[in-house]
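Heads up, the thing below is written out as structure tokens.
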Amino acid sequence: MKGADLVMKVLQQHGVDSIFGYPGGAIMPIYDAIYQSPIKHYLCRHEQGGAFSAIGYARSSGKVGVCLATSGPGATNLITSLADALLDSVPLVAITGQVAQGVMGTDAFQEIDVLGLSLPVTKHSFLVEHIDALEDTLHQAFALAQSGRPGPVLVDIPKNIQLADVGSALKPVAAPTASTVANLPTEQLQQARTLIAAAKKPMAYIGGGVHMAGAIAELQQFLTKSAMPSVTTLKAMGSVAKDNPYYLGMLGMHGTQAANLAVQQCDLLICLGARFDDRVTGKLDSFAPDAKVIQLDIDPAEINKLRQPDCAMLGPMQQLLPAMTVATQCQPWLEHCLALKQQHGWRYDHPGERIYAPLMLKQLSDRLPDNSVVCCDVGQHQMWVAQHMRFNHPRNHLSSGGLGTMGFGLPAAIGAKLARPEDTVLAVSGDGSFMMNVQELGTIKRFRLPVKIVIIDNQRLGMVKQWQQLFFNERYSETDLSDNPDFVALAAAFAIPGHTISRKDEVGDAIEAMLTWPGPYLLHVRIDEQDNVWPLVPPGAANEDMLTERAQ
Amino acid sequence: MNHVLTIQTKNQTVVLERVLQVTRYRGFQLTGLEMKPQSSKAGLLLTLSIASDKPIHLLTSQLNKLVDVEQLELHSEQLASLYPSDLKMRVSEPLGAFNARHTGDAMSTTLLASVTPQ
Ligand SMILES: Cc1ncc(C[n+]2csc(CCOP(=O)(O)OP(=O)(O)O)c2C)c(N)n1
Ligand SMILES: [Mg+2]
């Protein structure tokens, strides 16, 4: 057997059933091995799209996503997606072909220093330098991608190694090491329980680390038993049980007023697998200014990175959360939070007959089957999705958080649909973002993937336009997209039916038609270019200083 | 403040680049660098002199996450100032878990344990 065959065999050993990629010279031996491999390869139409599909596959299923690219331009096309996976801690294995070792370092055709390029955008990366190291390296890549804080791992394989002979006996896959620890940090746990029991205004600040640690059930029990209000980051939406009355929604720049106000007022902030990102905290010095902080994470580098905790624990959330549970004494605070939530609830009473995206997304959310996956792009529509759709698990809401990458939604939806063929999968995109990986319609066409695409069309790079309006004296530099293509005709070119709507009274039927159609479908939703996302914490402001629509 | 870090690495050609990239990206200034192969085992011994106004743990915690970094020691002017004394940060497992990182164990607790004021 050849190195290339070994690659496919190891992927199989790790339970990989789908991979996403694009062939080229330096990876042809692996593509030759794919030809007879039982692993299904999905041809993307741009390596960035393929890697986003692998991310969508990983994020919607909890498994490792795998993507492939050739040397040079293929590998450079992966960089954005690797960065996206790094900042959102997505377990991803990227395999790139490299020119043969004999010509490496000579500026050979399609040679670029991929290992060097990978340094800041991966959790770790390998250049395989000998056929004898190939098998172990691939196993390590899978282990690293999933261990601790997950992330992308790149394996660059020179062509001569793909072609080298290797024995056909495979080493067994090491059993995954249990993520449990024998000795819990009893002293800090005691300290945490004391802080929680003594707090008058405790608040749970929940990030993506909780569901990535498989600790959703433990979290929900913690929130019930140690009754306290909670807020989530963009990545953690869906972590809190739908019927938890004290869940206040997303916090941060476009968070709910209730979430932001309550966090500013709390006296104990329990940070669970979150990282005090600037889109969450606003002005860092004034974030939750009166709160003591308990911080739980799996990544030691997150502890005390931006905010000094009073009590910090590293370890498996599944064990720490039950051990930290203690009764709270904060009834007045709970009631206060309920009142905040009521006072600042969303309003959907929008005048006129034009479609109001928040209302339309709420209608869509109400109509979707429970385990649907919504993949977002980046911009105003992304924030509206986070604000107005409800999710019952973070795996059902895929949004590019840390990197905020336009073009994420459509390919991510392809990966999600392949990981979860039984579930309804939607891409909610903007007229700007959709065009960034529009070529992936070709992938949908080829595999007849019944992905539903909703384009929220404001004929603008809306989010940037909103900032120009608010902070750059209404100087609308390069954000006008009023010459957009005909999106329905564009979809039709890929044999995807579609429909355009622009009035509120069309919304219900249009959603119904899209969801009941058996195949892929594109719903083009025209909205007013003036519509903006509210509330908004302006740059440099504290989170209680939100701008709201009514104040404008 | 000035710090000296000694870092033991696996013998990976790219490890020096990784260390330098992390140091630059995290905003620390390199004022001196020594690199030598380790005599006993395959690997490198790096000595970095670092100047920065930022707390040095913001660098060491990131360097420690590099898979090729096997051990990192900090020789600072004021070790105790790394973590405020009221912050009793101890880890759920002893430092022995360091190597376990590379086998996929979740506990990558390295420096935290070695410099935690007790
Ligand atoms: C790849 C990339 N380029 C640029 C940006 C900056 N950016 C953020 S939102 C946005 C506008 C997005 O427009 P659209 O997809 O139409 O969404 P809208 O805000 O109009 O809902 C831009 C350009 C980005 N996030 N990603
Ligand atoms: Mg737009």
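Quick note: the coordinates plus some simple rules give every number you see, no bench work behind them. In this text, all values refer to a predicted model and were calculated from it rather than measured experimentally. When we count neighbours, we look across all protein chains shown, and the Cβ atoms used for this are built from the backbone with ideal geometry, even at glycine.
Classify segment A:186-343: rounded, prolate or oblate, from the alpha-carbon gyration tensor (a ≥ b ≥ c, eigenvalue square roots; a/c under 1.5 rounded; otherwise prolate if a/b is larger than b/c)?
Rounded, because the longest to shortest axis ratio a/c is under 1.5.
Under a crude label model (7 Å from the Cα following the beta-carbon direction), how far is B:Leu33 from A:Asp17 in nanometres?
A separation of 4.7 nm, rounded to one decimal place.
Taking the Cα centroid of segment A:479-506 and of segment A:402-427, what is the distance between the two, rounded to the nearest whole Å?
What the calculation gives is 20 Å, centre to centre.
Just add up the charged neighbours of A:Asn260: K/R +1, D/E -1, any other residue whose Cβ is under 10 Å from the Cβ of A:Asn260.
That sum, taken over residues with Cβ under 10 Å, equals -2.
Report the one residue of A:Val425, A:Pro172, A:Gln140 whose Cα lies farthest in the direction of the positive end of the charge dipole of the protein assembly as shown (charges on C-beta: Lys and Arg +1, Asp and Glu -1; origin at the Cα centre).
Projecting each Cα onto the dipole axis, the largest value belongs to A:Pro172.
Can you return the aspartates and glutamates within cross-link range of A:Lys465? Criterion is Cα-Cα under 19 Å, with same-chain partners fewer than 8 residues away left out.
A:Asp377, A:Asp431, A:Asp457, A:Glu474, A:Glu478, A:Asp480, A:Asp483, A:Asp528, A:Glu529, A:Asp531, A:Glu549
Can you tell me the dipole magnitude for chain A around its Cα centre, using point charges on the Cβ only (Lys, Arg +1; Asp, Glu -1), in Debye to the nearest 20?
The dipole of chain A has a size of about 1000 debye.
Report P(r) for segment A:3-163: all Cα-Cα distances, bin width 10 Å, range 0 to the bin holding the largest distance, values in whole percent.
Spelled out per bin, shortest first, that is 12, 47, 36, 5, 0.
Cross-link list A:Lys235/A:Lys445; A:Lys235/A:Lys283; A:Lys200/A:Lys362; A:Lys63/A:Lys201; A:Lys362/B:Lys65; A:Lys200/B:Lys54: which exceed 32 angstrom alpha carbon to alpha carbon?
From the list (A:Lys235/A:Lys445; A:Lys235/A:Lys283; A:Lys200/A:Lys362; A:Lys63/A:Lys201; A:Lys362/B:Lys65; A:Lys200/B:Lys54), the Cα-Cα distance tops 32 Å for A:Lys200/A:Lys362; A:Lys63/A:Lys201; A:Lys362/B:Lys65; A:Lys200/B:Lys54.
Report, in deg cm²/dmol and to the nearest 500, the calculated mean residue ellipticity at 222 nm for chain A, where each DSSP H run with n ≥ 4 adds -39500 (n - 2.57) and the sum is divided by the residue count.
Values: 23 runs with 202 residues, N = 552.
The helix-only estimate for chain A comes to -10000 deg cm²/dmol at 222 nm.
Taking the Cβ of A:Glu135 as the center, what net charge do the other residues with Cβ under 10 Å away carry, scoring Lys and Arg +1 and Asp and Glu -1?
On the way: positive: A:Lys9, A:Lys171; negative: A:Asp132, A:Asp136.
The answer is 0.
Which value, in Å³ per residue, describes the convex hull spanned by the Cα atoms of segment A:357-538?
Cα convex hull per residue, to the nearest whole number: 112 Å³.
Quick check on segment A:453-503: what are the equivalent-ellipsoid semi-axes from the Cα gyration tensor, as sqrt(5λ), descending, whole Å?
29, 11, 8
Give the long-range amide H neighbours of A:Lys201: residues separated by 5 or more places, or on another chain, with amide H under 5 Å away, using H modelled in the peptide plane at 1.01 Å from N.
A:Asp267, A:Leu268
Could you check the simple spin-label distance between A:Glu478 and B:Leu20, using points 7 Å along Cα→Cβ, in nm with one decimal?
3.2 nm
Please work out how much length the chain gains when fully extended from A:Leu547 to A:Gln101, using 0.36 nm per residue of separation minus the C-alpha to C-alpha distance, in nm with one decimal.
Details: separation 446, 0.36 × 446 = 160.56 nm, distance 5.77 nm.
Difference between extended and current length: 154.8 nm.
Sort out for me the Cα centre separation of segment A:152-184 from segment A:310-384, rounded to whole Å.
The distance from the Cα centre of segment A:152-184 to that of segment A:310-384 comes to 39 Å.
Using the Cα centre of the protein assembly as shown as origin and beta-carbon charges of +1 (Lys, Arg) and -1 (Asp, Glu), tell me which of A:Ser400, A:Gly21, A:Ala227 is placed farthest towards the positive end of the dipole.
Sorting the options by dipole projection puts first A:Ala227.
Sorting A:Asp107, A:Asp113 on the 10 Å Cβ count, fewest up front, what's the list?
In increasing order of surrounding Cβ atoms, one gets A:Asp107, A:Asp113.
What are the ³J(HN,Hα) couplings of segment A:97-102, residue after residue, when phi is run through the Karplus curve with 6.51, -1.76, 1.60 and θ = phi - 60°? Round to Hz, x for glycine and proline.
So the Karplus estimates, Gly and Pro as x, are x, 10, 4, 4, 4, x Hz.
Relative contact order for chain A using alpha-carbon pairs under 8 Å, separation at least 6, rounded to a whole percent?
Dividing the mean separation by the residue count of chain A yields 14 percent.
In the protein assembly as shown, what percentage of the DSSP-assigned beta bridges are antiparallel, given to the nearest 5?
Counting DSSP beta bridges with both partners in the protein assembly as shown, the antiparallel share is about 30 percent.
Local charge sum around A:Leu170 (other residues, Cβ-Cβ under 9 Å, Lys/Arg +1, Asp/Glu -1)?
+1
According to the Cα gyration tensor, what semi-axes, each the square root of 5 times an eigenvalue, does the equivalent ellipsoid of segment A:261-325 have, listed from largest to smallest in whole Å?
The answer is 20, 14, 9 Å, longest axis first.
Over all distinct Cα pairs, what is the inverse of the mean 1/r for chain A, reported as the Kirkwood hydrodynamic radius in Å? All intermediate terms of the calculation are to be shown ahead of the outcome.
Details: mean 1/r = 0.0409 Å⁻¹.
Mean inverse Cα-Cα distance, inverted, gives 24.4 Å.
How far apart, in nm, are the 7 Å Cα→Cβ label points at B:His75 and A:Arg390?
Result for the modelled spin labels: 6.1 nm.
Is the C-alpha gyration tensor of segment A:70-193 telling us rounded, prolate or oblate? Criteria: a/c under 1.5 is rounded; beyond that, a/b larger than b/c is prolate, otherwise oblate. Before the final figure, lay out the partial values.
Numbers: a/c = 3.56, a/b = 1.72, b/c = 2.07.
Verdict is oblate for segment A:70-193.
Using Cβ contacts closer than 10 Å as the measure, can you line up B:Thr60, A:Thr137, A:Thr194 from fewest to most?
Sorted ascending by nearby Cβ count, the order is A:Thr194, A:Thr137, B:Thr60.
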